[in-house]
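**Student:** Let me give you the structure first, and then I'll get to my questions.
Bear in mind these aren't lab numbers, they're just calculated from the coordinates by the rules spelled out. Everything quoted here is computed from the prediction, not taken from an experiment. Note: ideal-geometry Cβ built from the backbone for every residue, glycine included; neighbour counts use all protein chains shown.
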Amino acid sequence: MPDVYAPTREPVHERTVDGFGTVRVLPLDAHADAEVVHAWVSEQRAAFWGMNGLTRDQVAEIYAHLDTLDTHHAYLVVKDGEPAALLQTYEPEADRVSECYEVRDGDIGIHLLLAPAGPGGGRSGWSSALLVAVTSYVLLGLDRERIVVDPDVRNEKAIARFLKQGFTAGPAVVLPEIDIPDVCLPKKHAQLAFLEREVAFPGDA
């Protein structure tokens, strides 16, 4: 399938995963990608993302605001030309998570929302392969030593997915609420987990 994003957007990272396909990490265009992102964050399965009930324009404005920051970035992850995930990276010391754990040099935080499975249902190994591509960008492409994630404690699927990928569970914490333009993200009960570069990519550590 042709990659419709190729003519207009250069990837910040590209990785081919054997038996899976080619994954490209593209800078998110807050307005051009608003339709697909809004559809994802509006689904009940994405309730833990915290954007259920927001309009398309509100979602676009949140990511337009994010684009003005030096410490937070958003990306559209594309597999073989099709949108596959929404990735956000952030500097932990500039985020509410820093109030809940001791940030180390080389840390980077991520939020990851996978695209829906589609009418075919399950997709064995899909999330694991996608995480390999995403973590290779974050740890190797950005030259970081450790990833921190903070899924909602009730999001058992996400927590299990990270632990299966080699993340180590940290403490369960309460993240304070934050205000961004037109939206207040409430307090969040989160399960911290960490992935060391030497664990994920021992040959490149």
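**Student:** Each label point is 7 Å from the Cα along the Cα-to-Cβ direction; what then is the distance between the points at Gln58 and Ala172, in nm?
**Tutor:** In this crude spin-label approximation the distance works out to 2.8 nm.
**Student:** Here's something else I'd like to know. Which of the GluC sites (Glu not before Pro) across the range 83-175 are loop residues per DSSP, with 16 or fewer other Cβ within 10 Å? Display every interim value, and only then the final one.
**Tutor:** Values: sites: Glu93, Glu99, Glu102, Glu145, Glu156; in loops: Glu102, Glu145.
Passing sites in the range 83-175 are Glu102, Glu145.
**Student:** Could you tell me what fraction of 2.2 N^0.38 Å the Cα radius of gyration of the chain comes to, as a two-decimal ratio?
**Tutor:** On the way: Rg = 16.2 Å, N = 205, 2.2 N^0.38 = 16.6 Å.
Here the Cα radius of gyration is 0.97 times the empirical estimate.
**Student:** Something else now. Would you list, by chain and number, the lysines whose Cα falls below 24 Å from the Cα of Lys164, excluding same-chain residues fewer than 8 positions away?
**Tutor:** Lys79, Lys188
**Student:** How high is the relative contact order of the range 66-146, given as a whole-number percent (alpha carbon pairs under 8 Å, six or more residues apart)? Before the final figure, lay out each step's value.
**Tutor:** Numbers: 84 pairs, mean separation 19.1, N = 81.
Across the range 66-146, relative contact order equals 24 percent.
**Student:** Tell me, what is the percent relative contact order of the chain, built from C-alpha pairs under 8 Å that lie six or more residues apart?
**Tutor:** Details: 327 pairs, mean separation 35.1, N = 205.
Relative CO of the chain lands at 17 percent.
**Student:** Let me ask something else. So who's got an amide H within less than 5 Å of the one on Ala85, skipping anything under 5 residues away but keeping other chains? H placed 1.01 Å off N, in plane.
**Tutor:** So Ala85 has HN proximity to Val77, Ala115.
**Student:** Now for a different question. Can you give the helix-only mean residue ellipticity at 222 nm for the chain, where every DSSP H stretch with n ≥ 4 adds -39500 (n - 2.57) and the sum goes over all residues, rounded to the nearest 500 deg cm²/dmol?
**Tutor:** Counting only the DSSP helices, I get -5500 deg cm²/dmol.
**Student:** What ³J(HN,Hα) values, in whole Hz, does the Karplus curve 6.51 cos²θ - 1.76 cosθ + 1.60 give for the range 53-69 when θ = phi - 60°, with x put for Gly and Pro?
**Tutor:** Once rounded to whole Hz, the list reads x, 7, 7, 4, 5, 5, 4, 4, 5, 4, 6, 5, 5, 4, 5, 8, 8.
**Student:** Let me ask something additional. What does the charge dipole of the range 1-132 about its Cα centre add up to, to the nearest 20 debye, if the Cβ of each Lys and Arg holds +1 and the Cβ of each Asp and Glu holds -1?
**Tutor:** Numbers: 9 positive and 21 negative charges, 117 e Å.
Roughly 560 debye for the range 1-132.
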